[in-house]
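Below: one structure, written as structure tokens.
The values are calculated or read from the model by the stated rules, or taken from the named source; none is laboratory data. What you see is a predicted model; the values in this text were computed from it and never measured. Every residue, glycine among them, receives a Cβ derived from its backbone with ideal geometry; neighbour counts consider all protein chains shown.
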Amino acid sequence: MTDRKAGWINKRQKGAVYEDAAARWLSEQGYQIVERNFYCRQGEIDLIARDGRYLVFIEVKYRRDSQCGHPLEAVSIYKQKKIVKAAAYYCHKYRISEEQACRFDVVSILGNDIEHIQNAFECP
């Protein structure tokens with residue numbers, strides 16, 4: 001295994017740890033986790049959950065410290081567009097009604113601090 005591939009696996013494993021932490025935290029807040037790591041050609045969604053009447057598509061970002069910037073800064077317009085496209089495909093695939101209220105949230109983990117931004121972005 002090359003170092004590059006090993007780095008990707010370690011990054012993916014680290015991401016899974018923090019996605020699990022975010023899922024636990026959201027569950028404690030009353031969210032019902034529906035799916036984790038939904039992949040399609042359009043992109044990836046870290047967590048999909050129900051919050052009352054909302055179907056929530058959640059991006060999880062982690063940084064050990066703010067030296068490389070705040071985790072929220074990593075959710076670029078490009079990333080938002082990919083999440084929106086993946087969410088549209090998810091709704092199509094599972095025949096979710098267009099009447100279903102949806103929301104895009106971001107869970108930011110900076111060190112040990114968790115911050116949850118509801119409705120962090122709209123369809124760009």
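In the set (1) among the basic types (Lys, Arg); (2) modelled with pLDDT of 95 or more; (3) in a helix (DSSP H, G or I), the condition left unmet by LYS79 is number (2).
Within segment 17-56, the set of residues being among the acidic types (Asp, Glu) and surrounded by 15 or more Cβ atoms within 10 Å (Cβ to Cβ) comprises GLU19, ASP46, ASP51. Looking only at segment 28-50, residues that are among the basic types (Lys, Arg) and within 11 Å of the chain's Cα centre (by Cα) come to 1 in all.
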